[in-house]
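Inspection log for the structure reproduced underneath, given as structure tokens.
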Amino acid sequence: GVPEVPARPIAERRVSRQIQVGPVAVGGGAPVSVQSMTTTRTSDIGATLQQIAELTASGCQIVRVACPTQDDADALSTIARKSQIPVIADIHFQPKYVFAAIEAGCAAVRVNPGNIKQFDDKVKEIARAAKDHGTPIRIGVNAGSLDRRLLQKYGKATPEALVESALWEASLFEEHDFRDIKISVKHNDPVIMIEAYKQLAAQCDYPLHLGVTEAGPAFQGTIKSAVAFGALLSQGIGDTIRVSLSAPPAEEVKVGLQILESLNLKQRRLEIVSCPSCGRAQVDVYKLADEVTAGLEGMEVPLRVAVMGCVVNGPGEAREADLGVASGNGKGQIFVKGEVIKTVPESKIVETLIEEAMKIAEQMEQDGAAS
Ligand code: SF4
């Protein structure tokens, strides 16, 4: 039960300046944080806070809320005050809502310069208000709403165009001595997105918010985001992430956390090491893996549980894990920390694994509390 040797990190993190989004540090070596965005009407304070509570429970660390109307702007102060995690107001089109969000005590404000007319003229006032309130600004450039000037210059939303837009807007803030900034340059094509962030990372030291925009429904969006974030994070690029899915936001958080865990940027929690099954399998591996996963859902301790279909690799993997089963002959050999502790009939495999997992988890928590 002693904590394992710290997992090998995927890469040295890029050196970036640090900003504070409420209590969450972003950049400057702080852990990569996971964000999502509510899908409720922000003006419906109850529903929005309810969804934020669900997101918080699923592990979300920063939440963004849209603010398209005055009613939404009016709701921000209550939401910012009552949310358990920092709230970022997402502003398009209307600079007046930027000021409202800052006044309301939002932890940060996301602006999309491409979508705010005469934004450049407003920067001075925004910088002053944000500075007065200690509110960071995310400059969120998006391929779908690129500045018209840059669209003309580059013909389309190329990596260079996205980066130029972001750095231009940042420079306007810098003129007013405002550097409490993070930047995103989102595109729906992971290849363009990756290139844009690489260029941006090389040209500034602002913390970066990663996102593949309009990534699609859950399956496609998960893969696009995992591939793009993996490519960037494996080069140390990225300080906070948002997986965009056409799916409930708690799913985005689940995927985001799993990406960070896969790259050792977050301590792994439950990890099911299950085989793909093959012609040798002596048990329904998919069903077994699903049942064990469901039975252990929500477990916070890092636990590797091996679910193996036969005795070829079964005992080896089961021994490497904290806990495991190797099936054969209508029975399951249950391993704990490399030792076979018992052999149970197939019908008892799931409940035995869950029972043993709970015991190990309890022990880990006690050891954790003691140290
Ligand atoms: Fe096939 Fe056995 Fe390997 Fe599973 S553990 S993939 S059943 S050989």
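When Glu291, Glu297 are checked against the criterion of being open to solvent by 20 Å² or more (accessible area, probe 1.4 Å), more than 19 Å from Lys348 (Cβ to Cβ) and not polar (S, T, N, Q), Glu297 stands alone in meeting it. Only one of these is under 14 Å from the mean Cα position of the chain (by Cα) and open to solvent by 50 Å² or more (accessible area, probe 1.4 Å): Val227, Val243. Name it. Residue meeting the stated conditions: Val227.
Test Leu263 against the criterion of being closer than 24 Å to Gly211 by Cα and either within 19 Å of the chain's Cα centre (by Cα) or open to solvent by less than 30 Å² (accessible area, probe 1.4 Å) (or both), and give yes or no.
Working: closer than 24 Å to Gly211 by Cα: yes; either within 19 Å of the chain's Cα centre (by Cα) or open to solvent by less than 30 Å² (accessible area, probe 1.4 Å) (or both): yes.
Here the answer is yes, as Leu263 does meet what is asked.
Residues satisfying the criterion are present in the range 22-30 (criterion: assigned to a loop (DSSP other than H, G, I, E, B) and at pLDDT below 95). Going by what's in this entry, would Ala357 be described as away from the ligand (no atom under 13 Å from the Cβ), of a type in the set (Gly, Ala, Ser) and surrounded by fewer than 17 Cβ atoms within 10 Å (Cβ to Cβ)? No.
So that you can scan it fast, the table gives a plain yes or no per residue for (1) of a type outside the set (Phe, Trp, Tyr); (2) in contact with a strand residue (DSSP E or B) (Cβ under 6 Å, 6 or more places away or on another chain):
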| residue | (1), (2) |
| --- | --- |
| Pro9 | yes, no |
| Val26 | yes, yes |
| Pro31 | yes, no |
| Arg64 | yes, yes |
| Lys82 | yes, no |
| Phe93 | no, no |
| Ala104 | yes, no |
| Pro113 | yes, no |
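Looking only at residues in the range 145-188 that are basic (Lys, Arg) and over 19 Å from Gly27 (Cα atoms), the one that is nearest to the chain's Cα centre (by Cα) is Lys156.
What do you reckon, is Ala100 at pLDDT 95 or above and within 25 Å of Leu162 (Cβ to Cβ)? Working first, answer last.
Numbers: at pLDDT 95 or above: yes; within 25 Å of Leu162 (Cβ to Cβ): no.
Judged against the criteria, Ala100 is not a match.
For the range 9-23, the criterion of a residue being out of contact with any Ser or Thr (no Cβ under 6 Å at 6 or more places or on another chain), surrounded by 14 or more Cβ atoms within 10 Å (Cβ to Cβ) and closer than 26 Å to Pro302 by Cα is satisfied by at least one position. Inside the range 347-371, residues that are in contact (Cβ under 8 Å) with a residue 60 or more places away in the chain, among the charged types (D, E, K, R) and out of contact with any Asp or Glu (no Cβ under 9 Å at 6 or more places or on another chain) make up a count of 1. Scanning for something surrounded by 15 or more Cβ atoms within 10 Å (Cβ to Cβ), among the hydroxyl-bearing types (Ser, Thr, Tyr) and part of a helix (DSSP H, G or I), does the range 315-337 turn up at least one residue? No: the range 315-337 contains no residue that is surrounded by 15 or more Cβ atoms within 10 Å (Cβ to Cβ), among the hydroxyl-bearing types (Ser, Thr, Tyr) and part of a helix (DSSP H, G or I). Taken over the range 264-314, the residue count meeting the criterion of being without any contact (Cβ under 8 Å) to a residue 24 or more places away in the chain, under 27 Å from Met364 (Cα atoms) and not in a loop (DSSP other than H, G, I, E, B) is 4. Restricting attention to the range 284-323, and to residues there that are touching a helix residue (DSSP H, G or I) at 6+ places or on another chain (Cβ under 6 Å) and within 11 Å of the ligand (Cβ to nearest atom), which single residue is farthest from Ala7 (Cα to Cα)? Looking at the filtered set, the residue picked out is Gly309. Counting only strands (runs of 3 or more DSSP E) that fall entirely inside the range 47-148 and contain at least 3 residues that are closer than 22 Å to Trp168 by Cα and open to solvent by 30 Å² or more (accessible area, probe 1.4 Å), no element qualifies. Taken across the range 267-286, residues that are crowded, with 19+ Cβ neighbours inside 10 Å, under 15 Å from the mean Cα position of the chain (by Cα), closer than 22 Å to Leu323 by Cβ and not hydroxyl-bearing (Ser, Thr, Tyr) do not occur at all.
Taking the range 179-207 as the range and being open to solvent by 40 Å² or more (accessible area, probe 1.4 Å) and not acidic (Asp, Glu) as the test, the residues that pass are Arg179, Asn188, Val191, Ile192, Lys198, Ala202, Gln203.
Of the numbered criteria (1) within 16 Å of the ligand (Cβ to nearest atom); (2) in contact (Cβ under 8 Å) with a residue 60 or more places away in the chain; (3) touching a Pro at 6+ places or on another chain (Cβ under 8 Å), the one Gly330 fails is (2). The single condition from (1) within 16 Å of the chain's Cα centre (by Cα); (2) of a type outside the set (S, T, N, Q); (3) closer than 28 Å to Met364 by Cβ that Arg13 fails is (1).
The values are calculated or read from the model by the stated rules, or taken from the named source; none is laboratory data. Please read all numbers here as calculations on a predicted model, not as lab measurements. So basically every Cβ, Gly included, is an ideal-geometry build from the backbone, and we count neighbours across all protein chains shown. Quick note on the areas: whole protein, heavy atoms, side chains included, nothing else; ligands and nucleic acids left out. Shrake-Rupley method; radii C 1.70, N 1.55, O 1.52, S 1.80 Å.
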